[in-house]
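Here's the structure we're looking at; comments come further down.
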Amino acid sequence: MTIRFTMDKITRDGDPVLRQVAASVPFPLSKEHAQLAEDMMTYLVISQDETQNEKYGLRPGVGLAAPQVGESLQMAAVLIPSLDPHEHDEEPYFKGTIFNPVIISESVKRAALDVGEGCLSVDEDVPGFVPRANRITVRYQNEQGETKTIKLRDYPAIVFQHEIDHLHGHLYYDHIDMKSPWEVDDDTKYID
Ligand SMILES: O=CN(O)CCNC(=O)c1cccc(Cl)c1Cl
Ligand code: NI
């Protein structure tokens, strides 16, 4: 399988494309945009395979947004493994490319991954809780241009917010309270 995106192709923090609001993607998808979606998903699939990611030197990812490969477009590939770890050969929780996503509602309740977040575009991991909405409803278009509405909570909700942030020029550390990065807030749900 030919892989188009290796780490040298990932746009790093400092590149203005990561701080832009990306352009919406027109439908029907152009061949170029369909190929881009496929190549971004290929990155995620390879990056989540222990042997393959070693071979290509890929940092693992559960999502990849187009600005991270230099394309200021409202699209992101998402590959969230099945949530019950022991069934590793099970169907992924979510595998697909989201186009023109909009968070149409979100809970007041906040959530953060207890180990913080990481980003392919940020070489030095920034430590700290990244508070996000615990539950969200996202409307997006799939590769066929169909409008989908999905309700998410906990880890999947955090991943989608991380990716949708990329499409609006935000990076995860923008949300970390630098004065007290690991301060526990009893209204926030910490997800392991
Ligand atoms: O934008 C996508 N990336 O930067 C890929 C690498 N990071 C991750 O997979 C990742 C890691 C931790 C928490 C979240 Cl929420 C995510 Cl998304
Ligand atoms: Ni990222």
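The values are calculated or read from the model by the stated rules, or taken from the named source; none is laboratory data. Quantities reported herein were computed from a predicted structural model and do not represent experimental measurements. Cβ atoms come from the backbone with ideal geometry, glycine included; neighbour counts cover every protein chain shown. For accessibility, only protein heavy atoms count, side chains too; no ligands or nucleic acids. Shrake-Rupley method; radii C 1.70, N 1.55, O 1.52, S 1.80 Å.
Structural remarks
- Of the residues Leu29, Leu83, the single one that is open to solvent by 70 Å² or more (accessible area, probe 1.4 Å) and either within 27 Å of Arg153 (Cβ to Cβ) or part of a loop (DSSP other than H, G, I, E, B) (or both) is Leu83.
- The condition of being away from ligand 2 (no atom under 16 Å from the Cβ), farther than 30 Å from Thr188 by Cα, in a loop (DSSP other than H, G, I, E, B) and open to solvent by 20 Å² or more (accessible area, probe 1.4 Å) holds for only one of Asp89, Asp8, that being Asp89.
- Failed criterion for Gln35 (all others in (1) more than 11 Å from ligand 1 (Cβ to nearest atom); (2) within 25 Å of Thr137 (Cα to Cα); (3) not in a loop (DSSP other than H, G, I, E, B) hold): (2)
- Verdict on Arg132 being among the charged types (D, E, K, R), within 12 Å of ligand 1 (Cβ to nearest atom) and surrounded by 13 or more Cβ atoms within 10 Å (Cβ to Cβ): yes
- Residues of segment 61-80 that are among the β-branched types (Val, Ile, Thr) and either touching a strand residue (DSSP E or B) at 6+ places or on another chain (Cβ under 8 Å) or in a strand (DSSP E or B) (or both): Val62, Val78, Ile80.
- Taken together, Asp177, Asp154, Asp114 contain a single residue that is over 18 Å from Asp15 (Cα atoms) and either more than 15 Å from ligand 1 (Cβ to nearest atom) or open to solvent by less than 10 Å² (accessible area, probe 1.4 Å) (or both), which is Asp177.
- Leu167 vs. criteria under 16 Å from the mean Cα position of the chain (by Cα) and without any contact (Cβ under 8 Å) to a residue 40 or more places away in the chain: no
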